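All remarks here apply to the structure that follows.
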Amino acid sequence: MNDTPLRSWHEARDAEGIVWLTLDKPQSSVNTLSSPVLEELGAIVTRLAHDPPRGVVLQSGKSSGFVLGADVKEFTTLRSIEEARALVLRGHRVLAALERLPCPSVARIEGFALGGGLELALACTYRVALDDERLSLGLPEVLLGIHPGFGGTVRAVRTIGAVGALDMMLTGRNLKGSKTLALGLVDRLESTPEGCRNAARELIEKNPGPHRPSLWQRALSWSPVRPFVRRQLRAQVARKVREAHYPSPYAIIDLWAKHGAAGDRAFQAEADSIAALAGTRTAQNLIRVFMLQDALKSQGKQATDSVRRVHVIGAGIMGADIAAWCALRGLEVTLQDREQRFIDAALTRVSSLFDKKIRDPKKRAAARARLRSDLAGSGVAEADVVVEAIIEDAVAKRQLYATLEPQMRAGAMLATNTSSIRLEELTQNLHDPSRLVGLHFFNPVSQMPLVEIVHAPSTSPDTISRAIAFARKIDKLPLPCRSSPGFVVNRVLAPYMQEAMYAAADGFSFDAIDRAATDYGMPVGPVELSDMVGLDVCRHVGAIVGPALGKPVPDLSVLDTKISAGKLGRKSGEGFYRWDGGKVVRNAASRAPYLPTLSVPSSAAAKDLQDRLVLIFLNECVAVWRERLVESADMLDAGVIFGSGFAPFRGGPLNDARQRGLADCERRLRELAERYGPRFIPDAGWAQLR
């Protein structure tokens, strides 16, 4: 008997001879497969192999879920490919030993089993899961620039077949509910925890053959077939990401195509591949992004969470979506506007969000019931948070606050969703300006994770703390920032999107401009982004941010023309591009020069285009950092990534600038300033980054 105390795994043998192994990693809210956790499990498995019980059940002692994955922090300390390979092979050995146990093993899953957690479950003979809203199974390592490394590229294909396994690994998508059972990812779905325990006992007792994919699924992995499938898969991935930017999905395809997820060589090839990927700049930057996300999530843990009722004023797109999201997250919400027809239209529009997010009809009905129409505004007096989401006009907002403040209860928070107006302009007539805070959500609310927590000098620390806690309660990433024109995200986007207008005036087509940005790694180009945001919103924000910061503004008469014609972008079906079903339509018009009367851009101008877009973006980020609108460079990188979609594989704008070379960025900006004007003059903050 091993006398070493178990720090993470707790072992119990029941009267039926079944060993129940409970993972409860100390000083952590979630379980991860760190090296010590794996070493403990390896020691237990070795002992059980010499004295086999009737069966083994692996389960979690955490209410949060089964196992979140490997300990990502360990990947940041690797100094070589050899160290990475050694780390992965330790996991291989432990899971292989678990798989070879001379007795059946069961993974009992409640909540998530992701990455290494699902790989651990796949090494068991069977898997049973609790079928509730928390269930989430996936292999999301591709989002970190790597791929499964504890045997998952082999066992996933072997268990559910190439189609389902490759889809999981290439997309990083998590699976829920009945789909996990239909694919064979789990052997039993149960409605109660006790049902899961009984199912685990039953599987151990009956010990049926493990799930294997159908014949046609296995046929896809036959060596004559794999080269044809490989070409199709690589072409599909290439339509979404470039191999130079994101090599891991291509590595996943090639691993399967070469080895067919069969034999010891497949496991060894997986270890070699992930070891090589782990040291790439893409992987290190994506791991950095993951950790930045964790840093945003960790805020507000000490704050008092007292928000249960929310009152939203303004039933437009943003107000309605904020109200719906709060209701979806369990809060009681009242929605107010000046006419009932606006509220009714909003409630009809957001019903699709409930349909998409909630599978259980009873829970869906409960969420809808939490969002109520409130034309009279009676919910103001009971609300813990009052969210103002009306038009971007300071006078209108101040007039509204004058009527709201006397109705609000003591201690309630007043929040504005303004996207550009400084809070100092809104507090002028407030009796208690300390409770006004900006909660700047991004569109679409259900997809964009960031919320800027905007505070003025008059905003109390308690209000800021409660606003952060509120953002976390509704599962958003809070970015505290000082009040300033455009705050953080819109401020850095404004010159980037305006530079697209300068480039268009120089004769570049919309497609060429957007392609320069997407070639760099941006998810969409600045012209398409303008359509997605709304040309009217872009025009309004640009008119505020540029002049307030003393920045030159391009000729925006084309925006005025389109806005006057009702061509507002995606929301109206046409802007710079035409839109069909929410998707952009590119045609000859979008590829034609914006001003065809101008000369064709010179080769030098064509080479400059990408740097014009990217460096003016980075230059504004440096200015935001110099002004300390956020508390750290890391928080700035996090906010810009999650608020604007800045190329994640580059690890954030300031990180990107450092990797390119700060001196090179400054030198190139000076070249652009000489050629295109003073808007490219390097900000004084570059010197502070050194």
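What follows is calculated from the coordinates using simple rules that are stated; it is not laboratory data. Quantities reported herein were computed from a predicted structural model and do not represent experimental measurements. All Cβ positions, even for glycine, are placed from backbone atoms using ideal geometry, and neighbour counts span all protein chains on display.
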Self-check item: Degrees between helix 226-238 axis and first principal axis of the chain (Cα, 0 to 90, nearest 10)
Solution: 30 degrees
Exercise. Grab the beta carbon distance between ARG341 and HIS431, set R0 = 41 Å, and tell me the FRET efficiency rounded to 0.05.
Key: 0.80
Exercise. Excluding residues on the same chain fewer than 8 positions from LYS301, give the lysines whose Cα lies under 16 Å from its Cα.
Key: LYS473, LYS476
Quiz item: Long-range amide H contacts for GLU133: which residues qualify at under 5 Å (H placed 1.01 Å from N, peptide plane, sequence gap of 5 or more or a different chain)?
Solution: none
Quiz prompt | Gain on full stretching of the segment that runs from ASN207 to GLU631 - 0.36 nm per residue minus C-alpha separation | solution = 147.0 nm
Quiz item: Distance from the Cα centre of region 56-75 to that of region 147-194, in angstrom?
Solution: 16 Å
Quiz item: Hey, got the dipole for the chain? About the Cα centre, +1 on K and R Cβ, -1 on D and E Cβ, debye to the nearest 20?
Solution: 1260 debye
Practice problem: Percent of Cα-Cα pairs per 10 Å bin, from 0 to the last occupied bin, for region 489-689, please list those. | Solution: 9, 36, 38, 15, 2
Quiz item: Kirkwood hydrodynamic radius of region 291-437 from all distinct Cα pairs, in Å?
Solution: 16.1 Å
Quiz prompt | Gain on full stretching of the segment that runs from LEU689 to LYS240 - 0.36 nm per residue minus C-alpha separation | solution = 158.3 nm
Quiz item: Going by average Cβ neighbours within 10 Å, how do the peptides 385-394, 680-689, 65-74 rank, with the highest at the top?
Solution: 65-74, 385-394, 680-689
Quiz prompt | Positive-pole candidate from ALA412, TYR496, ASN429, dipole of the chain, charges at beta carbon | solution = TYR496
Exercise. Please name which of PRO227, VAL387, ALA86 has its Cα lying farthest along the dipole of the chain towards the positive end, using unit charges on Cβ (Lys, Arg +1; Asp, Glu -1) and the Cα centre as origin.
Key: PRO227
Quiz item: How about LYS583: which aspartates and glutamates have a C-alpha closer than 12 Å to its C-alpha, ignoring those fewer than 8 places off in the same chain?
Solution: GLU528, ASP531, GLU574
Quiz item: If amide H atoms are built 1.01 Å from N in the plane of the peptide, which residues on other chains or at least 5 residues away come under 5 Å of the amide H of THR418?
Solution: LEU439
Self-check item: Entries of LYS62/LYS362; LYS25/LYS73; LYS73/LYS176 with Cα pairs more than 18 Å apart
Solution: LYS62/LYS362; LYS73/LYS176
Quiz item: Using a simple spin-label model with points 7 Å from Cα along the Cα→Cβ vector, what separation in nm is obtained for ALA505 and GLN27?
Solution: 5.8 nm
Quiz prompt | Protection-proxy order for peptides 264-275, 103-114, 213-224, each taking the mean of Cβ atoms within 10 Å per residue, highest first | solution = 103-114, 264-275, 213-224
Quiz item: Pairing the Cα long axis of helix 162-171 with the longest principal axis of the chain, what angle in degrees results, from 0 to 90 and rounded to the nearest 10?
Solution: 40 degrees
